[in-house]
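Written out below as C-alpha cells is the structure these notes cover.
The values are calculated or read from the model by the stated rules, or taken from the named source; none is laboratory data. Since the structure is predicted, the reported quantities are computational estimates derived from the model, not experimental observations. Here the Cβ positions follow ideal geometry from the backbone for every residue, glycine too, while neighbour counts run over all protein chains shown. In case anyone asks, the SASA skips ligands and DNA or RNA and just uses the protein heavy atoms, side chains included. Shrake-Rupley method; radii C 1.70, N 1.55, O 1.52, S 1.80 Å.
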Amino acid sequence: MPPPEPEARLAGLALPLGETVVAVQGHGDPAYGTLKKSRANTAQSDYFRVVFQGFARVAAGQWQRFEGEDAASPNNLNSAWARVDHPSRSVAFGPKSGVALSAAFAGGPLDAYLFAQVIAWAKTVYPDYRVAPGVLSTLSLPDEDKLRVNAFFASQGFDFEWGDGQKSAHYGKDRAGRLLGVWDAERVNEVPGAALLDSLAQHDAYQHELEHKLAEADASQSALRRQIARERHTNQIMTGVTAFVLLVGLLVALDLF
C-alpha cells in the first residue's frame, strides 16, 4: 500500500471552491474576514482545505483594516485541512499540531470553527472512512494548555488519549461520520449574501441621508451668508443716512446759532 501523499503537494494542486464572509466575535469588537475553500483530487487522494483571511475589525464604529499576518495568513496560520487516502480508506486532519491562529485571533473561537469545517466536509463525503490517528507533542505545554488541547479534540468527537506521561497525545476515530464538527455559533457567524447586501443597502441609504443633510446645511449656511450680507449692506446704508442727517442737522444748527 503506498504511503499517503504529502499535504504540501496536495495544497499546491488545490483549486478554489469559493469564499464566505465570516464575522468573529473575539475579545471585544467584532472582526470580519473571508473563509476560502479549496480542493484537490488525485487518483489516490481527496484533499479539502479552508483558510481564513482577516479583513477588518470594527472599533468605535470605525473600520480598522488588518495588516501583516492577520490579513495575509502566511505560514499556514488560520487554516485547517482534511486529507483522504483512498487505498487505506482513511482521512487525516491537520495541521497535525492543531490550528495555529494569527495574533489578532489567538485565544478566540476561530480554531474550532476552522476545524469544524473540514470535519463537516469529511463527514458528508467520506462518513465510513476511518480517522487516521494523529499524534501531538505536548512536552513543552503547561498543564493548563494540555487541558485545553484535550477539551478541544474531545469536543469535536475524537477519541483522545495521553501517552508517555502526557508528553504526547493521540487522537482518532473509527469512522469520520461519528465526529461532531461543532463551534461556538454565537461568536463565529457566516454572513449570508442577503444580509451582506442588506447591510450595504443600509449603509448606502445612510450615506445618502448624510449627504442630503450636508446639502441642506450648506444651503442654510449659504442663505445665512446672503442674509448677513444684506443686513450688512442695509446697516451700511442706514449708517450713511444717519451720518448725513446728523451732518445736515449740525449745519442747520450752526446757521441758526
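Observations on the structure shown:
- Against the criterion of being of a type in the set (Asp, Glu), open to solvent by 20 Å² or more (accessible area, probe 1.4 Å) and over 15 Å from Arg187 (Cβ atoms), Asp111 does not qualify.
- Residue match in the stretch 120-136 (condition: aliphatic (A, V, I, L, M), open to solvent by less than 30 Å² (accessible area, probe 1.4 Å) and assigned to a helix (DSSP H, G or I)): yes
- Screening the candidates Arg89, Arg130, Arg65 for the property of being charged (D, E, K, R) and closer than 21 Å to Ala14 by Cα yields one hit, Arg89.
- Being aromatic (Phe, Trp, Tyr) and under 28 Å from Thr20 (Cα atoms) is a condition met by no residue of the stretch 159-182.
- Residues of the stretch 36-50 that turn out to be surrounded by fewer than 21 Cβ atoms within 10 Å (Cβ to Cβ) and of a type in the set (A, V, I, L, M), as a count: 2
- Within the stretch 97-110, residues that are in the same structural domain as Ser155 (by the TED database) reach partners that are of a type in the set (Phe, Trp, Tyr) with beta carbons closer than 6 Å, at six or more positions or on different chains, in the pairs Val99/Phe115.
- Residue that is most open to solvent (accessible area, probe 1.4 Å), among those in the stretch 99-108 that are in a loop (DSSP other than H, G, I, E, B) and of a type in the set (Gly, Ala, Ser): Gly107
- As a summary of the residue check, Val84 satisfies the conditions (1) modelled with pLDDT of 90 or more; (2) outside any strand (DSSP E or B); (3) open to solvent by less than 40 Å² (accessible area, probe 1.4 Å); (4) not basic (Lys, Arg) except for the one numbered (2).
- Evaluation of Glu67 against the conditions (1) part of a loop (DSSP other than H, G, I, E, B); (2) closer than 16 Å to Val191 by Cβ shows that the sole unmet condition is (2).
- Flag for Leu114 being in a strand (DSSP E or B), under 21 Å from Arg49 (Cβ atoms) and either of a type outside the set (Lys, Arg) or touching a residue at least 60 places away in the same chain (Cβ under 8 Å) (or both): no
- The stretch 16-35 - residue that is open to solvent by less than 60 Å² (accessible area, probe 1.4 Å) and among the polar types (S, T, N, Q) and, of those, farthest from Ala106 (Cα to Cα): Thr20
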